[in-house]
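Inspection log for the structure reproduced underneath, given as structure tokens.
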Amino acid sequence: MSRVRVHISGDSMWPTFPNGSLFELIDCTFEELNIGDVVLAQHPFHSEVQIVKRIESFRDRTVFLVGDNPDPLASEDSHNFGSINEEAILGRCELIQQ
Amino acid sequence: MEDTPFTLIEASAHCDGPCGVYDPASARVAGEAVQSMTKKMLALEYPQVFSSESMASYLNTMSRYAAIKEEEAQKCKKELLVLWTDFFKPMHLEAHPKLHDTFWQAAKLCSACKVEVSAQHAQELMDAIESIHNMFWSIKGREVPWIRAS
């Protein structure tokens, strides 16, 4: 299976991961995910958009995703689009370079 | 391992919906109106013929200048506050450490221009808006010259 890397554009994960950060995508099951993990997810309202966010909490089989940027307008995340289903999580992101 | 081919995914880490629709030009136009009305008020001469009619015209003209100055100063402050709180983000402070103070002073100058008829404060407001213009376009990575409409 070929490896998958994820390149982010935008500042919603600043200051932890600035614009242009590169990640390795790790395939994992829902049960292997933890609060605090950075994940690649399918945007619930835009089928062509995939997003990188951090897991803030779990509720049943849904996940609440947030950006790291402390500015409330700096991240489009579960504060805007709500919790997402587990199927929308595409994998865990491990940082390669900032 | 590094030679292993990989698929690259471009993922979004963008901000909220309004991202990208800001422009300090709105504040600049309002600020110019404040300065223009301030100049008009200071230049308006007392009527040479003192009569009810001439005084009514004089007061009407002065009142209109004052009303527009008041309205545009409030509009300018609103435009600045939207830029300050919505467009500018914490990471922008790294490159522009005077950002908060510049906005604070600019907002104060809007208030000063409302309560006074001060050419000096109207100019200082325009200078502050120019500084904000330069910070804004620097962050956007574009060279946009400071151009006034008046």
- [ ] Work out how much length B:S138 to B:L93 would gain on full extension: take 0.36 nm times their residue separation and subtract the Cα-Cα distance, in nm to one decimal.
- [x] 15.0 nm
TODO: Sort B:37-48, B:123-134, A:61-72 for me by packing, meaning the mean count of neighbouring Cβ atoms within 10 Å per residue, highest on top.
DONE: B:123-134, A:61-72, B:37-48
TODO: Could you work out the relative contact order of chain B, using alpha carbon pairs under 8 angstrom and six or more residues apart, expressed as a whole percent?
DONE: 32
TODO: Scale the Cα Rg of chain B by the rule-of-thumb value 2.2 N^0.38 Å and send over the ratio, two decimals.
DONE: 1.47
Open item on the list: Compute, for segment B:1-116, the length of the dipole vector about the Cα centre, with Cβ point charges of +1 (Lys, Arg) and -1 (Asp, Glu) only. Units Debye, rounded to 20.
Closed with: 720
Task: Share of pairwise Cα separations in segment B:75-150, more than 20 Å, in percent - done: 30
TODO: Compute the separation of the alpha-carbon centres of segment B:84-136 and segment A:32-98 and state it in Å as a whole number.
DONE: 35
TODO: Quote the Stokes-Einstein diffusion coefficient, in whole µm² s⁻¹, for the protein assembly as shown, based on the Kirkwood radius over alpha carbon pairs, a temperature of 20 °C and a viscosity of 1.002 mPa s.
DONE: 100
TODO: Rank-order A:42-52, B:67-77 by packing density, defined as the average count of other C-beta atoms within 10 Å over each peptide's residues, highest first.
DONE: B:67-77, A:42-52
Task: Test item: A:6-12 mean partner chain Cβ contacts at 10 Å - done: 6
Task: Net lengthening on full extension, A:E24/A:V66 (0.36 nm per residue, minus Cα-Cα) - done: 13.2 nm
Task: Extension gain, B:E70 back to B:E10 (0.36 nm per residue minus Cα-Cα distance, nm) - done: 16.8 nm
Task: Within-13-Å neighbourhood charge of B:L8 [Cβ basis; K, R +1; D, E -1] - done: 0
Open item on the list: For B:K69, give me every one of the lysines with a C-alpha distance below 18 angstrom, ignoring sequence neighbours fewer than eight places off in its own chain.
Closed with: B:K39, B:K40, B:K77, B:K78, B:K108, B:K114
Open item on the list: What FRET efficiency comes out for B:V21 versus B:A43 if R0 is 35 angstrom and r is the Cβ-Cβ distance? Round to the nearest 0.05.
Closed with: 0.40
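Quick note: the coordinates plus some simple rules give every number you see, no bench work behind them. Keep in mind that this is a model prediction, so the values were computed, not measured. Glycine gets a Cβ as well: all are built from the backbone with ideal geometry, and neighbour counts include every protein chain shown.
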